[in-house]
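These notes concern the structure reproduced below.
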Amino acid sequence: MIDLRSDTVTRPTAAMRQAMAAAEVGDDVFGDDPTVNQLQDKLAELTGHEAGLFFPSGTQSNLAALMAHCGRGEEFIIGSLGHSFKYEAGGAAVLGSLWPCSIEYEADGTLDLKKVAAHIKPDDAHFAHTRLLVLENTQSGRVLPLAYIKEAAAFARDHRLGFHLDGARVFNAAVKLGVPVHEITQHFDSVSICLSKGLGCPIGTVLVGKRELIRKAHRARKILGGGMRQAGMLAAAGLYALEYHVQRLAEDHANTRKLAEGLARIKQIKIDPAIVQTNMVFAAIAPEHVQPLTAHLKSTGILILPNANLRLVTHLDVSAADVERVIVAFRGYFAGR
Ligand SMILES: *Cc1c(COP(=O)(O)O)cnc(C)c1O
């Protein structure tokens, strides 16, 4: 199957599995797992931060970061399509007693800092204290401009806000910009980085930040049930991915562009290939095509999520030849309709 539903569907390669099987392990709740420690240190170093902390998921890493930045009843500002606002089941409110303030993203995936400023609450008993600004990079496949990130960091400092990046796919952003990842991540107080997306690991996210913030996040991770034991087998996949699966993200970006250009030649598909930046294509089709198209693709060995607003995601299990097959299958469906 060619699975375009997400970049989370990758299966660990044989070499990654070997690295996992060979990992030295210990009890990470005691801080004893050398491979987990190595992964945490490695990502801290790569991102320009003091410390790292390994989590089972990005959802938990983001939540622990929010809880480390904000106390009970305090507020964080985030995009209305931000993962921690929309796609984490309200965990910040349910488990963190935190209050989200959401703002619409601009067309480039940034938050307009004038709008953010207007949502920072004055010190008045009516309002929750505003503590944190959260950005996402990539945001729906879009790469935040470096100049904007620097401006937003200065803004957060001026307004005494913490500055967190949901960097689930920040390596896609770095590869796209052609810069080392620290050029992006060093401007934030904390960054959550998924290993289980384009980097191809079966599981895992690392949160990086200042030592004191990571200490707080470590306590939050315990509360959230994320303390793991011989997790070095999972961390070994992460170390492997950092070595072998980062630069190859450029192949995914090239494949995505080819896919977008191929689909743009089909008149029933609305798509602007110019906006494709990393590993996601967004395209619109008429609602009546959703079910039959999904079924047709499935019958030819291609999986997509059924939606009139299609999101197609490439990853290390999708080759350039697969992309050709996908374009042919889409053409086959729409021919004569
Ligand atoms: C996938 C993702 C996460 C974390 O998701 P998990 O499935 O919990 O690992 C966080 N933020 C963004 C933007 C994501 O795409």
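Being surrounded by fewer than 16 Cβ atoms within 10 Å (Cβ to Cβ) and more than 21 Å from the chain's Cα centre (by Cα) is the filter here, so list the residues in region 1-16 that pass it.
Of everything in region 1-16, those that are surrounded by fewer than 16 Cβ atoms within 10 Å (Cβ to Cβ) and more than 21 Å from the chain's Cα centre (by Cα) turn out to be 1, 14, 15.
Name the single residue, out of those in region 294-310 being in contact (Cβ under 8 Å) with a residue 60 or more places away in the chain and within 21 Å of residue 272 (Cβ to Cβ), that is surrounded by the most Cβ atoms within 10 Å (Cβ to Cβ). Explain how you work it out, then say what you get.
Narrowing region 294-310 to residues in contact (Cβ under 8 Å) with a residue 60 or more places away in the chain: 301-305.
Retained after the next criterion (residues that are within 21 Å of residue 272 (Cβ to Cβ)): 304-305.
Details: 304: 20, 305: 14.
Ranking the qualifying residues of region 294-310, first place goes to 304.
Working only within region 110-145, note down all residues that are at positive phi and either surrounded by fewer than 22 Cβ atoms within 10 Å (Cβ to Cβ) or of a type in the set (Lys, Arg) (or both).
First, pick out the residues of region 110-145 that are at positive phi: 140-141.
Matches in region 110-145: 140 only.
Filter region 7-28 for residues that are closer than 15 Å to residue 233 by Cβ, part of a helix (DSSP H, G or I) and not basic (Lys, Arg) and give the result.
Selection gives 15, 16, 18, 19, 20, 21, 28.
Quick note: the coordinates plus some simple rules give every number you see, no bench work behind them. What you see is a predicted model, and the numbers here were worked out from it, not measured in a lab. Here the Cβ is made from the backbone with ideal geometry for all residues, glycine too, and neighbour counts use every protein chain on show.
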